[in-house]
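Asker: Following this message is one structure expressed as structure tokens.
What follows draws every value from the coordinates through simple rules; no lab data is involved. Because the structure is predicted, anything quoted here is derived from the model rather than measured. Cβ: placed from backbone, ideal geometry, glycine included. Neighbour counts: every protein chain shown.
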Amino acid sequence: MDQKRFTDLWNSVFTPDSAPHPATPADIAWAKIEYFYTLKARFYHTPQHISFCLTQFDPVASLLDNPELAELALWFHDIIYIMTSDSNELKSAIFFANLVGADPEHQRIVSIVRQLILDTTHNTLPSSHDGEYLADIDISSLGRPWNEFMQDSINVRKESPHLSDHDFNMGQKSFFERLLAKPRIFYTHSFYDRFEEQTRSNLLTLLDNPGILEK
């Protein structure tokens, strides 16, 4: 992760001392980012995941309506990742809102970023044009070459040591089958063209070999 990139973005969106109650200073916001994404229990939702997301974001940033806010959502979308929780995206959105604070001048930004973070749950249709890109970016790693996809899958498995192999595999099976049942996994043309075929191949291969991730 790039500290300067983050702090420049934060200061661009939240100009220091521009509001009666300014947002948390950029260096403190960065310290939170760095702390949570490097927790020892994480193997997939790490700085490497954020860096990968940003490499997918950069080529399409000019196509977004609010690229700065979309990038903020990427930085924060997995800041809270509790292995036993099914509401991590909501918790991450709340964490972001608390960092920004309650100044009325910032509430539109908080509202937009909150919704973009929630778009990465993949439980409902994205809420906007930018939400489609956020959702696609978040799961684009599913379309990496098989060996890289498998390493990601192993790392995801490591983050759920509390689950038996059966329970973990059933959860993955449900999610993957839900993706595969859609007419297209990726909403945007650019991500569909680049990742759809490989993603479907990866998911189908993994579903055909459920024991491959057993501990």
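Asker: What about R200, is it among the basic types (K, R), in contact (Cβ under 8 Å) with a residue 12 or more places away in the chain, closer than 13 Å to L142 by Cβ and surrounded by 14 or more Cβ atoms within 10 Å (Cβ to Cβ)?
Answerer: Details: among the basic types (K, R): yes; in contact (Cβ under 8 Å) with a residue 12 or more places away in the chain: yes; closer than 13 Å to L142 by Cβ: yes; surrounded by 14 or more Cβ atoms within 10 Å (Cβ to Cβ): yes.
Spelling it out, R200 is indeed among the basic types (K, R), in contact (Cβ under 8 Å) with a residue 12 or more places away in the chain, closer than 13 Å to L142 by Cβ and surrounded by 14 or more Cβ atoms within 10 Å (Cβ to Cβ).
Asker: Might you let me know whether segment 146-155 holds any residue that is within 20 Å of the chain's Cα centre (by Cα) and under 30 Å from F14 (Cα atoms)?
Answerer: Residues of segment 146-155 that are within 20 Å of the chain's Cα centre (by Cα), as a first pass: 148-155.
Restricting the remaining residues to those that are under 30 Å from F14 (Cα atoms) gives none.
Looking through segment 146-155, none of the residues is within 20 Å of the chain's Cα centre (by Cα) and under 30 Å from F14 (Cα atoms).
Asker: Which count do you get for residues in segment 145-166 that are free of Cβ contacts under 8 Å to residues at least 60 places away in the same chain, polar (S, T, N, Q) and over 16 Å from L203 (Cβ atoms)?
Answerer: Qualifying residue count for the region: 1.
Asker: Are any residues in segment 162-215 polar (S, T, N, Q), closer than 21 Å to T121 by Cβ and in a loop (DSSP other than H, G, I, E, B), and if so, which ones?
Answerer: T188 - this is the single residue of segment 162-215 that is polar (S, T, N, Q), closer than 21 Å to T121 by Cβ and in a loop (DSSP other than H, G, I, E, B).
Asker: Scan (1) outside any helix (DSSP H, G or I); (2) closer than 21 Å to T188 by Cα; (3) not hydrophobic (A, V, I, L, M, F, W, C) for the single condition S62 breaks and write down its number.
Answerer: (1)
Asker: Can I ask one more? Among the numbered criteria (1) farther than 12 Å from D138 by Cβ; (2) part of a helix (DSSP H, G or I); (3) touching a residue at least 40 places away in the same chain (Cβ under 8 Å); (4) of a type outside the set (S, T, Y), which single criterion is violated by C53?
Answerer: (1) is the only condition that C53 fails.
Asker: With the checklist (1) under 27 Å from A41 (Cα atoms); (2) touching a residue at least 60 places away in the same chain (Cβ under 8 Å); (3) of a type outside the set (G, A, S) in hand, flag the one item Y187 doesn't pass.
Answerer: Every listed condition holds for Y187 apart from (1).
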